[in-house]
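A short write-up of the structure that comes next.
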Protein chains: 2
Amino acid sequence: MEVRARAPGKIILSGEHAVVHGSMAVAASISLYTSVSLAFHSHSDNDDTLKLQLKDMALEFSWPVGRIKEAVAGFNTAISSSSPTSCPAECLKSIGALVEEQNIPEAKIGLASGVSAFLWLYSCIQGFKPATVVVTSELPLGSGLGSSAAFCVALSAALLALSDSVVVDMVHQGWSSFGEKELDLLNKWAFQGEKIIHGKPSGIDNTVSTYGNTIKFKSGSLTLMKSNLPLRMLITNTKEGRNTKALVASVSERTIRHHDALNFIFNAVDSISKELSGIIESPVSGELSISEKEENIAELMEMNQGLLQSMGVSHASIETVQRTTLKYKLASKLTGAGGGGCVLTLLPTSLSGTIVDMVISELESCGFQCLIAGIGGGGVEISFDASP
Amino acid sequence: MEVRARAPGKIILSGEHAVVHGSMAVAASISLYTSVSLAFHSHSDNDDTLKLQLKDMALEFSWPVGRIKEAVAGFNTAISSSSPTSCPAECLKSIGALVEEQNIPEAKIGLASGVSAFLWLYSCIQGFKPATVVVTSELPLGSGLGSSAAFCVALSAALLALSDSVVVDMVHQGWSSFGEKELDLLNKWAFQGEKIIHGKPSGIDNTVSTYGNTIKFKSGSLTLMKSNLPLRMLITNTKEGRNTKALVASVSERTIRHHDALNFIFNAVDSISKELSGIIESPVSGELSISEKEENIAELMEMNQGLLQSMGVSHASIETVQRTTLKYKLASKLTGAGGGGCVLTLLPTSLSGTIVDMVISELESCGFQCLIAGIGGGGVEISFDASP
């Protein structure tokens, strides 16, 4: 019996940075997924290890389950799969030692915390059963598209699907989704994984990856929205690394230097997020046609990008995308922390494939990676493969 | 006796577009000039024409003064050089006919209104004396640097310097400036010329060109400021033509569509202009060093550019300049209407000439024209050449 789970990445449609200063932000799932498959070893396999394969990177890690038990059992034996719990600092240390043994290549050392999160979630939800877990992903890592959250959500989904805490229909063919209660549980587990990876995550990434759709958040409270508007975006990964903490701090410093101006800017962003969420939630048969809504969203994205630029979080690579798409009259904005990372470009329904191809080839010639994704689709799903 | 006058162009340092919606804007003179020389023909010349030579364009227009008298005298005989007066619509028609005769090349037809302004100012201030007027300019035409105002100011200065309304020291060697009363008078005449060229000019361009320095304006009132900060800018002319009226209208339309967001944006611009004028007026021996002031101004320019982008008046060519200068950590903003036109880049005092050369050569390779100018220097000046 093998279970596969897939969970989407996310983008910030509006409000990044300003949300730290009280503005509303809007995030949405994207139709690019991280998939996790889980298969327990049978006795006949004669393999008592837990294996983690990261297919895209051709990496495999494996531990005898006995060694995991030695490292973790003292901390998690009282934990049930139905009560998501933080990994204590001491346990994280002993898990860290297990991860270190695996000699992760220096260039991929950023994966270490993800592997730690894996060991914590696995051992809490499934104990110490030998198994092979395979991870593949359409999401570029560390580029602000929520790859780590998608990993934690897909992993939690696969683990819970084969646990006693969740009842799922194993006979259904193809992808199926979870019930509300199950989603809440796996979202909480995924958040525990995110904490191991990021320290103090906002919880937005795992929530979007779990429930899909669109979410608005302001002053720490999240509201799921029903999107009535299928949107398609070009996501350009500038591959420019950036330091999110430093960017957040630089906006705060600018706010101290130019208090009034920045506060007006944050208020403008708040208005934009409110308008945007209004358009997304407005009924299909409302006043505006799809193309009118798209035009409106493009304009709001352009406005938000200008405001992000005035906060100082743009970057030459982002300007390059901006300038390139502007030539085709397409609106772009950075998504996430800025200073590089990914840029969104709205692809209106009426846009010809030829234009899309031209834009992509021009952007790729700058060394960027281009992805096309639907916005605001479903969240995490699972599928079972009963074949031997 | 020949008189030469030169008058500077202008840039908008902050607040363009937002000023239409009640925000403060700041403009300043630049050390790029339009020069007008005026020499009356003597009887021995046996030349009873008025000649206008546009040296940079290798164009010369000329009219027998009798013909000008026929066209204008009915309208301006009651006008004295000390009372600046609008050109009546009927007179503008008969002047227009004189201009049309000159067969201005189709590609330069935009000059026609400037030639009309010339004929009105000349005949009001100097009547119908045969003379040759030669115009040269360092300012690119129609690119938002106030070339038409600089022309009207330099022309008015030359004309008034040889009139009874103004008393000037003809013996002084080299450039000399006017007294306050003379400046007020020539500024008013220049404004009459600007009205012929632009219909409803704001009066800012001719005021900056007349008085030089820096000026702040809000809700229709202008305040001259004493600048204590010598600034140097790279001015990049994208050579991209644009329609100022259409751009102003598009911001107003966006304000109707997104009322709250745009109002916050205009308020942010107002804060930026206030901060900027505060820095410019702050004493030399104040708290901040010159380089700290420059850093502050660069940041405010970057913020203003982001806000202009969010108003929708940027352009791919402006983004190209932006992206290029950002690579060298230099702040840029469009100046004037946007949609092309000119872009300002602050050149800090400490910046090496090598970097400046690199930036310029990269911008020129994009087909742009680069000019370097001091900001906030003196206004209109005259000089006499008594040699035959």
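Against the conditions (1) assigned to a helix (DSSP H, G or I); (2) of a type in the set (A, V, I, L, M, F, W, C); (3) open to solvent by 10 Å² or more (accessible area, probe 1.4 Å), where does A:ILE95 fall short? Just the number, please.
All conditions pass for A:ILE95, except number (3).
(1) in contact with a helix residue (DSSP H, G or I) (Cβ under 7 Å, 6 or more places away or on another chain); (2) over 19 Å from B:HIS258 (Cα atoms); (3) not basic (Lys, Arg): which one isn't true of A:GLU253, the others all being true?
(1)
Please work out if A:GLU295 is closer than 23 Å to A:ALA261 by Cα, of a type outside the set (Phe, Trp, Tyr) and not assigned by TED's automatic domain parsing to the domain that holds A:LEU13.
On the way: closer than 23 Å to A:ALA261 by Cα: no; of a type outside the set (Phe, Trp, Tyr): yes; not assigned by TED's automatic domain parsing to the domain that holds A:LEU13: yes.
Here the answer is no, as A:GLU295 does not meet what is asked.
Determine, yes or no, whether B:SER271 is small (Gly, Ala, Ser) and more than 8 Å from chain A (Cβ to nearest Cβ).
no
Can you name every residue in the stretch A:84-108 that is touching a Cys at 6+ places or on another chain (Cβ under 9 Å) and either of a type outside the set (A, V, I, L, M, F, W, C) or over 19 Å from A:LEU159 (Cα atoms) (or both)? Outline the logic, then answer.
If we filter the stretch A:84-108 for residues that are touching a Cys at 6+ places or on another chain (Cβ under 9 Å), which is where we start, we get A:84-85, A:87, A:95.
Those that are touching a Cys at 6+ places or on another chain (Cβ under 9 Å) and either of a type outside the set (A, V, I, L, M, F, W, C) or over 19 Å from A:LEU159 (Cα atoms) (or both): A:PRO84, A:THR85.
Checking B:SER282 against (1) more than 10 Å from chain A (Cβ to nearest Cβ); (2) surrounded by fewer than 17 Cβ atoms within 10 Å (Cβ to Cβ); (3) closer than 17 Å to A:GLN309 by Cβ, which single condition isn't satisfied?
Of everything listed in (1) more than 10 Å from chain A (Cβ to nearest Cβ); (2) surrounded by fewer than 17 Cβ atoms within 10 Å (Cβ to Cβ); (3) closer than 17 Å to A:GLN309 by Cβ, B:SER282 misses just condition (3).
I'd like the full set of residues that are in contact (Cβ under 8 Å) with a residue 24 or more places away in the chain, open to solvent by 40 Å² or more (accessible area, probe 1.4 Å) and among the aliphatic types (A, V, I, L, M), limited to the stretch B:49-77.
B:MET57
Can you confirm whether the stretch B:179-187 contains a residue that is part of a loop (DSSP other than H, G, I, E, B), more than 16 Å from B:ASP385 (Cα to Cα) and of a type outside the set (S, T, N, Q)?
Yes - at least one qualifying residue is present in the stretch B:179-187.
Condition check: over 16 Å from the mean Cα position of the chain (by Cα) and not aliphatic (A, V, I, L, M). Does B:GLU194 satisfy that?
On the way: over 16 Å from the mean Cα position of the chain (by Cα): no; not aliphatic (A, V, I, L, M): yes.
For B:GLU194, the condition - over 16 Å from the mean Cα position of the chain (by Cα) and not aliphatic (A, V, I, L, M) - is not met.
How many residues does the stretch A:220-279 hold that are open to solvent by less than 10 Å² (accessible area, probe 1.4 Å) and assigned to a helix (DSSP H, G or I)?
Going through the stretch A:220-279 one residue at a time, the tally reaches 11.
Does B:LEU347 qualify as being closer than 30 Å to A:ASN267 by Cα and either within 25 Å of the chain's Cα centre (by Cα) or within 14 Å of chain A (Cβ to nearest Cβ) (or both)? Even if it seems obvious, please write down each step before you answer.
Working: closer than 30 Å to A:ASN267 by Cα: no; either within 25 Å of the chain's Cα centre (by Cα) or within 14 Å of chain A (Cβ to nearest Cβ) (or both): yes.
Here the answer is no, as B:LEU347 does not meet what is asked.
Please verify whether the stretch A:357-366 includes one or more residues that are of a type in the set (Ser, Thr, Tyr), at pLDDT 95 or above and closer than 20 Å to B:LYS333 by Cβ. It would help to see each step written out before you state the result.
First, pick out the residues of the stretch A:357-366 that are of a type in the set (Ser, Thr, Tyr): A:361, A:365.
Right, trim to at pLDDT 95 or above and you get A:361, A:365.
Subsequent filtering for residues that are closer than 20 Å to B:LYS333 by Cβ retains none.
Taking every residue of the stretch A:357-366 in turn, none turns out to be of a type in the set (Ser, Thr, Tyr), at pLDDT 95 or above and closer than 20 Å to B:LYS333 by Cβ.
With respect to A:ALA39, is the statement that it is open to solvent by less than 10 Å² (accessible area, probe 1.4 Å), within 28 Å of the chain's Cα centre (by Cα) and not hydroxyl-bearing (Ser, Thr, Tyr) true? Don't jump to the end; show me each part of the working.
Numbers: open to solvent by less than 10 Å² (accessible area, probe 1.4 Å): no; within 28 Å of the chain's Cα centre (by Cα): yes; not hydroxyl-bearing (Ser, Thr, Tyr): yes.
Taking the combined requirement at face value, the residue does not satisfy it.
Do you know which of the residues in the stretch B:136-157 that are crowded, with 22+ Cβ neighbours inside 10 Å and out of contact with any Ser or Thr (no Cβ under 7 Å at 6 or more places or on another chain) is farthest from B:ILE197 (Cα to Cα)?
Among them, the one singled out is B:ALA157.
Only one of (1) at the interface with another protein chain (Cβ under 7 Å from one of its Cβ atoms); (2) among the hydroxyl-bearing types (Ser, Thr, Tyr); (3) within 22 Å of A:LEU145 (Cα to Cα) is not met by A:THR236, so which one is it?
For A:THR236, the failing item is (1).
Could you list, in sequence order, the residues of the stretch B:285-296 that are surrounded by fewer than 22 Cβ atoms within 10 Å (Cβ to Cβ) and either of a type in the set (D, E, K, R) or more than 10 Å from chain A (Cβ to nearest Cβ) (or both)?
Looking only at the stretch B:285-296, we keep the residues that are surrounded by fewer than 22 Cβ atoms within 10 Å (Cβ to Cβ), and these are B:285-293, B:295-296.
Selection gives B:SER285, B:GLY286, B:GLU287, B:LEU288, B:SER289, B:ILE290, B:SER291, B:GLU292, B:LYS293, B:GLU295.
Name the residues in the stretch B:92-111 that are modelled with pLDDT of 95 or more and either under 24 Å from the mean Cα position of the chain (by Cα) or of a type in the set (Val, Ile, Thr) (or both), would you?
B:LEU92, B:ILE95, B:GLY96, B:VAL99 - these are the residues of the stretch B:92-111 that are modelled with pLDDT of 95 or more and either under 24 Å from the mean Cα position of the chain (by Cα) or of a type in the set (Val, Ile, Thr) (or both).
Evaluate the following for A:ASN103: is it out of contact with any Leu (no Cβ under 8 Å at 6 or more places or on another chain) and open to solvent by less than 10 Å² (accessible area, probe 1.4 Å)?
No; evaluated as a whole, the condition is false for this residue.
Please pick out the residue among A:VAL20, A:VAL65 that is of a type outside the set (D, E, K, R) and closer than 30 Å to A:SER227 by Cβ. Quick ask: steps written out before the conclusion?
On the way: A:VAL65 fails: closer than 30 Å to A:SER227 by Cβ.
Only one candidate qualifies: A:VAL20.
Quickly run through the stretch A:124-162 and pick out the residues that are under 10 Å from the mean Cα position of the chain (by Cα) and in a helix (DSSP H, G or I).
A:SER147, A:SER148, A:ALA149, A:ALA150, A:PHE151, A:CYS152, A:VAL153 - these are the residues of the stretch A:124-162 that are under 10 Å from the mean Cα position of the chain (by Cα) and in a helix (DSSP H, G or I).
For B:LYS226, only one of the following conditions fails: (1) modelled with pLDDT under 95; (2) under 18 Å from the mean Cα position of the chain (by Cα). What is its number?
(2)
Evaluate the following for A:LEU334: is it in a helix (DSSP H, G or I), modelled with pLDDT of 95 or more and either open to solvent by less than 10 Å² (accessible area, probe 1.4 Å) or more than 7 Å from chain B (Cβ to nearest Cβ) (or both)?
Values: in a helix (DSSP H, G or I): no; modelled with pLDDT of 95 or more: yes; either open to solvent by less than 10 Å² (accessible area, probe 1.4 Å) or more than 7 Å from chain B (Cβ to nearest Cβ) (or both): yes.
When the stated conditions are applied, A:LEU334 does not pass them.
One line per residue, one yes/no per condition, for (1) in a helix (DSSP H, G or I); (2) at the interface with chain B (Cβ under 8 Å from one of its Cβ atoms); (3) over 18 Å from B:GLY306 (Cα atoms):
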| residue | (1), (2), (3) |
| --- | --- |
| A:GLY306 | yes, yes, no |
| A:GLN309 | yes, yes, no |
| A:SER314 | no, yes, no |
| A:SER317 | yes, no, no |
| A:THR325 | yes, no, no |
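Looking only at the stretch B:314-328, which residues are hydroxyl-bearing (Ser, Thr, Tyr) and open to solvent by 20 Å² or more (accessible area, probe 1.4 Å)? If you could, list the steps in order and put the result at the bottom.
Step one: of the stretch B:314-328, the residues hydroxyl-bearing (Ser, Thr, Tyr) are B:314, B:317, B:320, B:324-325, B:328.
Residues satisfying the conditions are B:SER314, B:TYR328.
Which of the numbered conditions does A:VAL19 fail, given that it passes all the others? Conditions: (1) open to solvent by less than 50 Å² (accessible area, probe 1.4 Å); (2) closer than 30 Å to A:GLY278 by Cβ; (3) in contact with a helix residue (DSSP H, G or I) (Cβ under 7 Å, 6 or more places away or on another chain).
Only one criterion in (1) open to solvent by less than 50 Å² (accessible area, probe 1.4 Å); (2) closer than 30 Å to A:GLY278 by Cβ; (3) in contact with a helix residue (DSSP H, G or I) (Cβ under 7 Å, 6 or more places away or on another chain) is unmet by A:VAL19, namely (3).
The values are calculated or read from the model by the stated rules, or taken from the named source; none is laboratory data. For clarity, every value in this text was computed on a predicted model and none was experimentally measured. With ideal geometry, Cβ positions are generated from the backbone for all residues, glycine too; neighbour counts draw on all protein chains shown. Heads up: the accessible areas ignore ligands, DNA and RNA and are worked out on the full protein's heavy atoms, side chains in. Shrake-Rupley method; radii C 1.70, N 1.55, O 1.52, S 1.80 Å.
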